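A quick write-up on the structure given underneath.
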């Protein structure tokens, strides 16, 4: 049976632009102003990979101490800005449908606890769902480790998994994991970008995906 592995931010919860704004603010406070659109193109990477990408944008190295300070400040600002999380259209209904239909699914996110706990709660995700977070693997997206760990925990082969994500980093990691991928537009990437990155199908949001599950061959 096919299984679904979901990214979290921008795929199931409406948090991408909050991440952009709070990263931008954290960087500005540290004397590293950077354009918001450049940050958006990096959301979905781990914090460590993100700060290395920012260093390239700034044209100067960021020390490990600076990187850790930036990650801590981003987490503080994000929690202040988003104490409650808003599921994207159809996300709760999609996950409920999958549970009721007995379709295997899990979450694999570059985020970490406790930051992701509010998002999981807003989606109604309980202990019965496999959740792989940044601390569970050695490398985050665009490396495949998160998705491979999720498949292993679900006891499904990578070839039987679809990755559902909103960013090119999700789709690149899926290709490296030898998994098909589905792109969602609700994270801000365009349809052409997602298709070019390898998406088998592209849908507007979780609601449209839920109405189109038959196209993926996952329904019993």
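Would you check which residues across segment 137-158 are modelled with pLDDT of 95 or more and surrounded by fewer than 17 Cβ atoms within 10 Å (Cβ to Cβ) and list them?
152, 153, 155, 157
Of the residues 66, 84, 128, 93, which is under 25 Å from residue 32 (Cβ atoms) and either surrounded by fewer than 18 Cβ atoms within 10 Å (Cβ to Cβ) or not assigned by TED's automatic domain parsing to the domain that holds residue 21 (or both)?
66
Residue check, residue 9 against (1) buried (at least 21 other Cβ atoms within 10 Å of the Cβ); (2) outside the structural domain of residue 163 (by TED's automatic domain parsing), all met but one. Which one?
Tallying (1) buried (at least 21 other Cβ atoms within 10 Å of the Cβ); (2) outside the structural domain of residue 163 (by TED's automatic domain parsing), residue 9 fails exactly one: (2).
Every residue in segment 171-182 that is surrounded by 18 or more Cβ atoms within 10 Å (Cβ to Cβ) and out of contact with any strand residue (DSSP E or B) (no Cβ under 8 Å at 6 or more places or on another chain), please.
Residue satisfying the conditions is 172 alone.
Counting only residues that are in contact (Cβ under 8 Å) with a residue 60 or more places away in the chain, buried (at least 20 other Cβ atoms within 10 Å of the Cβ) and outside any helix (DSSP H, G or I), how many does segment 183-210 have?
So the count comes out to 2.
The values are calculated or read from the model by the stated rules, or taken from the named source; none is laboratory data. No experiment lies behind these values; they were computed from the predicted model shown. Glycine also receives a Cβ, built like all others from the backbone with ideal geometry; neighbour counts cover every protein chain displayed.
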